[in-house]
Each structure stands twice: as structure tokens, then as C-alpha cells.
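Below is one structure, written out as C-alpha cells; the observations come after it.
The values are calculated or read from the model by the stated rules, or taken from the named source; none is laboratory data. Because the structure is predicted, anything quoted here is derived from the model rather than measured. We place every Cβ from the backbone using ideal geometry, glycine too, and count neighbours over all the protein chains shown.
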Amino acid sequence: MQLNLSNRVAIVTGGASGIGRATAILLAQHGATVFVGDLRLLPENEARYAELGIRQQTCDVRNEADVRRLVDAALAASGGIDILVNNAGIGMVKQIPDVTEADWDACLDTNFKSAFLFSRLVIPSMKARGGGSIVNISSNAGLLPRAHDPVYSTSKGALNAFTHSLALCHAGDRIRVNAVCPGPVGDTGMMNADLAKAVNRAETAQMFIDASPLARAYGRMISPEEVAQAVLYLCSDAAAMVTGTAIAIDGGKSLGVPPKS
Ligand code: NAD
């Protein structure tokens, strides 16, 4: 029962779709009280979330006041926070000469600064409860930068560095801080947006699959649920001695060895 999260309170950002939704559901299925924050709340989640007791509210993770509102709601309803999953994120497929300052801020603030804003508010509660787990949803791009999305790669590399620093700073408080580095993950808003832009959707999907040795071997992308399983592990007592790691759920993509054709 080490994966049992009864009596644990969790915040999951970007929980309306994809990896965040799969994570919110899996943590709730293992007993956690889950609070989801997202830019938009989707009607199709309402019944499932109500059934699992998952509470959701709108929250722009770039906005300090919104972040505080979500943390305060969780504290008011549950008295403390044990788990924080910083999952909200956006892509940025542009070369540097084409990146505006607004693009840079949108990507860095959503993917990186948000983890600082949430961690800052949540760590005192975790300390008061004798420990906690923070999981930052990074990317294979945070382990091995990619040529097509330098700003996104930078945001995820920074998130990994933040993960390592925070893990060192708060081990004494029994607060564990880890990153999960996924990709390519199907059935997500991010992947669907990339495929929608493609001239040939099937060919582009196959290109994503081919870039990951295991995805290629299985002939499919990674699922949001497979990423959520790693998050569940990191949030649970099974990972009591695990901190400062960046676990790749990317089918070996970040090994940097292209699959044979
Ligand atoms: P997704 O688009 O389904 O999920 C992202 C969620 O974040 C959405 O629900 C979106 O509304 C929310 N969001 C975006 N900006 C926000 C903001 N400012 N405030 C609050 N919520 C906001 O895509 P996903 O793939 O599930 O993405 C989840 C995480 O996984 C992201 O951090 C992403 O970088 C990471 N990731 C995804 C892949 C992949 O292949 N899909 C690969 C590597 C990493």
C-alpha cells in the first residue's frame, strides 16, 4: 500500500487535459484530495472529477494572485498541502530571431516561473506537515535540448535545474523535489496542436514516434497515463528516499541515439 495517498492533499496545475488530467485522476484514485488549477475548465471533465472529489478552479499559473487563490482554496478546504504537481505548460516552436519578448515571457513564465510561484507558497505548509513531494513536469527537451524549440528547451532545462536546487535546499524538511521528463505523449493538447499544424498528420505523428526508440518499437506514442504512473510513484511513500531526480518517460528519446530506420 505504499502507493496509497489517503489523507494527502495535492495541487495539480494544468489539470484540464493531457498529462495533468491523467495525473489528477490517478492521484485521486489512490486516495488523495486533489485540487486542479487550469486556464480553462472543460465541461467534459465535470462528471469524472465530481465522482472522484477533484475540485477545480481557473488559475493562470503565470499570475501570482491566481496562484495564491488556488493554494488558499486548498489550504482552506483541507488544512494543508502534501503534493504539488507543476504540470501546466505550453510549447514554443520558433527560432530565436523570430521570438518576441512576449513569446519568451509566455513560455518561461508558464513552464518555469510558475514552479517558483507555487513552490514558494506551498513549501511552508509542507514543512508544517513534516514533509511533502513536489513533481515538476519537465520534458525530454530539458535533458537534451532540441533544435526546433530553443525557448521551450531552455524553460525545461531551467525547470530541471530548479528541481535539483530545491531538492538540496529542502531535503532537511523531508520535502522531496523531482522532475518527470516525458515525450512524445499522445492524446494531449500539446501534441494535438503540433499535429494540427502538420501538412501530413500521419507522417508527422510517425516522425514523433520514430524519434523515441521504445515508442518506435511499440509503434505508438506514450500515453498520459504512463506519465501519470511515474508522478504517482514520486508522490508516494514508495519514493521516500528519492529526490533531485529527473525521470525520463520518453522511451529512450533523450539518450540521443536515433532509432535505426
Ligand atoms: P496539454 O495541452 O494537454 O496540457 C497542458 C495544460 O496546461 C492545458 O490544460 C492548458 O490549459 C494548461 N495551461 C497552459 N497554460 C496555462 C497557464 N498559464 N495557466 C494554467 N494552465 C495553463 O498538454 P500536455 O502534453 O498534457 O502538457 C502537460 C505538460 O507536459 C507540459 O508542461 C508539457 O510541457 C509537458 N510535456 C508534454 C509532452 C507531450 O509530448 N505532450 C512532452 C514533454 C513534456
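See the values below:
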{"quantity": "Any pair with Cβ under 8 angstrom, 6 or more apart, that starts in the stretch 161-183 at a residue that is closer than 30 Å to Ala215 by Cα and ends at one that is of a type in the set (D, E, K, R)", "calculated": "Cys181/Lys156; Cys181/Asp250; Pro182/Asp250; Gly183/Asp250; Gly183/Lys253"}
{"quantity": "Hits in the stretch 122-172 (condition: more than 21 Å from Leu255 (Cα to Cα) and surrounded by fewer than 19 Cβ atoms within 10 Å (Cβ to Cβ))", "calculated": "Pro124, Lys127, Ala128, Arg129, Gly130, Gly131, Ser165, Leu168, Cys169, Ala171, Gly172"}
{"quantity": "Residue within the stretch 1-8 that is at pLDDT below 95 and surrounded by fewer than 24 Cβ atoms within 10 Å (Cβ to Cβ) present", "calculated": "yes"}
{"quantity": "All positions within the stretch 25-41 that are part of a strand (DSSP E or B) and either outside the structural domain of Thr58 (by TED's automatic domain parsing) or near the ligand (Cβ under 8 Å from one of its atoms) (or both)", "calculated": "Gly37, Asp38"}
{"quantity": "Any chance Val93 is within 13 Å of the ligand (Cβ to nearest atom), part of a helix (DSSP H, G or I) and β-branched (Val, Ile, Thr)", "calculated": "no"}
{"quantity": "Yes/no for Ala171 being modelled with pLDDT of 95 or more, hydrophobic (A, V, I, L, M, F, W, C) and under 13 Å from the mean Cα position of the chain (by Cα)", "calculated": "no"}
{"quantity": "Subset of the stretch 3-24 [touching a Ser or Thr at 6+ places or on another chain (Cβ under 6 Å) and assigned to a strand (DSSP E or B)]", "calculated": "Val9, Val12"}
{"quantity": "Pick from the stretch 176-206, criterion of a type in the set (A, V, I, L, M) and closer than 15 Å to Val231 by Cα, ranking: nearest to the ligand (Cβ to nearest atom)", "calculated": "Val185"}
{"quantity": "Enumeration of residues in the stretch 75-105 that are closer than 30 Å to Ile175 by Cβ and of a type in the set (Ser, Thr, Tyr)", "calculated": "Ser78"}
{"quantity": "The stretch 115-150 - residue that is within 22 Å of Ile19 (Cβ to Cβ) and free of Cβ contacts under 8 Å to residues at least 24 places away in the same chain and, of those, nearest to the ligand (Cβ to nearest atom)", "calculated": "Arg146"}
{"quantity": "Index of the failed condition, Asp105 passing every other in (1) among the acidic types (Asp, Glu); (2) buried (at least 16 other Cβ atoms within 10 Å of the Cβ); (3) within 15 Å of the ligand (Cβ to nearest atom)", "calculated": "(2)"}
{"quantity": "Lone unmet requirement of (1) within 8 Å of the ligand (Cβ to nearest atom); (2) touching a residue at least 60 places away in the same chain (Cβ under 8 Å); (3) in a strand (DSSP E or B); (4) not charged (D, E, K, R) for Ala88", "calculated": "(3)"}
